[in-house]
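Asker: Take this structure, written in structure tokens, and hold onto it; I'll ask about it next.
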Amino acid sequence: MRALAGTPLECLFLPPNARDLSVLAEFPSLTELRLMLNNPISQEDWRYVTSLPQLDSLFLNPGELTSLASKGIRLEKPTSVSLAVEDRSSADLRDAVTVFPGMTSLNVHFAEELDLAPLSAHPRLKRVNTFTARVLNAAELPATIHLVAPAPPHGDE
């Protein structure tokens with residue numbers, strides 16, 4: 001990736017085995033970043049992510065979301081956040097509320113179940129998309145948040 005340094009990239013999907021995120025400093029024009037890494041991200045490497053001046057869209061896994069929250073890191077800029085639940089279980093969305101205060105759109109991929117109650121406290125969220133999850137507590141979302149989710153099976157309404 002260092003060979004591309006200085007290239008005005010807008011979108012970058014890191015390989016799952018990426019370890020050193022300092023290379024992100026070479027791409028200040030990034031607006032979209034996909035993490036989904038196999039290795040934990042250090043406090044220093046998170047600093048490279050948070051310093052991207054144009055970052056608007058971030059794709060990450062629940063472990064990375066938990067890492068951000070446990071380190072007290074907030075990403076103010078991204079408005080679009082995508083969370084891929086790789087083990088197809090559920091995802092705890094409480095951390096998304098504090099870590100991404102500027103988020104207006106949340107996409108959750110591969111989750112089997114999703115409790116939406118924590119999202120009701122998010123001041124800027126406008127849209128939640130989930131493609132596979134059975135949603136819980138959708139009624140707790142304010143009318144200002146548009147939910148796109150699979151229809152419940154007949155008889156589960």
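Asker: Restricting attention to region 116-131, does a residue exist that is open to solvent by 70 Å² or more (accessible area, probe 1.4 Å), part of a loop (DSSP other than H, G, I, E, B) and touching a Lys or Arg at 6+ places or on another chain (Cβ under 8 Å)?
Answerer: Scanning region 116-131, I find no residue that is open to solvent by 70 Å² or more (accessible area, probe 1.4 Å), part of a loop (DSSP other than H, G, I, E, B) and touching a Lys or Arg at 6+ places or on another chain (Cβ under 8 Å), so the answer is no.
Asker: With respect to Ala139, is the statement that it is exposed (fewer than 15 other Cβ atoms within 10 Å of the Cβ), more than 27 Å from Leu55 (Cα to Cα) and over 15 Å from the mean Cα position of the chain (by Cα) true? Walk me through it before giving the result.
Answerer: Values: exposed (fewer than 15 other Cβ atoms within 10 Å of the Cβ): yes; more than 27 Å from Leu55 (Cα to Cα): yes; over 15 Å from the mean Cα position of the chain (by Cα): yes.
The answer is yes for Ala139.
Asker: Name the one entry in Ile73, Ile145 that is modelled with pLDDT of 95 or more and farther than 28 Å from Pro28 by Cβ. Walk me through how you get there before you give the answer.
Answerer: Details: Ile73 fails: farther than 28 Å from Pro28 by Cβ.
The unique qualifying residue is Ile145.
Asker: Report, ordered by the first and then the second residue, all pairs with beta carbons closer than 6 Å, sequence separation of six or more or different chains, a first member in region 121-140 that is within 13 Å of Leu106 (Cβ to Cβ), and a second member that is among the small types (Gly, Ala, Ser) and surrounded by 15 or more Cβ atoms within 10 Å (Cβ to Cβ).
Answerer: Close Cβ pairs (under 6 Å, with a partner that is among the small types (Gly, Ala, Ser) and surrounded by 15 or more Cβ atoms within 10 Å (Cβ to Cβ)) amount to Arg127/Ser105; Thr130/Ala149; Ala133/Ala111; Val135/Ala149.
Asker: Please work out which residue is modelled with the lowest pLDDT, limiting yourself to region 82-108 and to residues that are within 23 Å of Thr50 (Cα to Cα) and assigned to a strand (DSSP E or B).
Answerer: For region 82-108, the residue satisfying everything is Ala91.
Asker: Return yes or no: is Thr66 of a type in the set (S, T, N, Q), closer than 23 Å to Leu37 by Cα, touching a Phe, Trp or Tyr at 6+ places or on another chain (Cβ under 8 Å) and surrounded by fewer than 19 Cβ atoms within 10 Å (Cβ to Cβ)?
Answerer: no
The values are calculated or read from the model by the stated rules, or taken from the named source; none is laboratory data. Keep in mind it's a predicted model, so treat the numbers as computed, not measured. Cβ atoms come from the backbone with ideal geometry, glycine included; neighbour counts cover every protein chain shown. Accessible surface areas use protein heavy atoms only, side chains included; no ligands, DNA or RNA. Shrake-Rupley method; radii C 1.70, N 1.55, O 1.52, S 1.80 Å.
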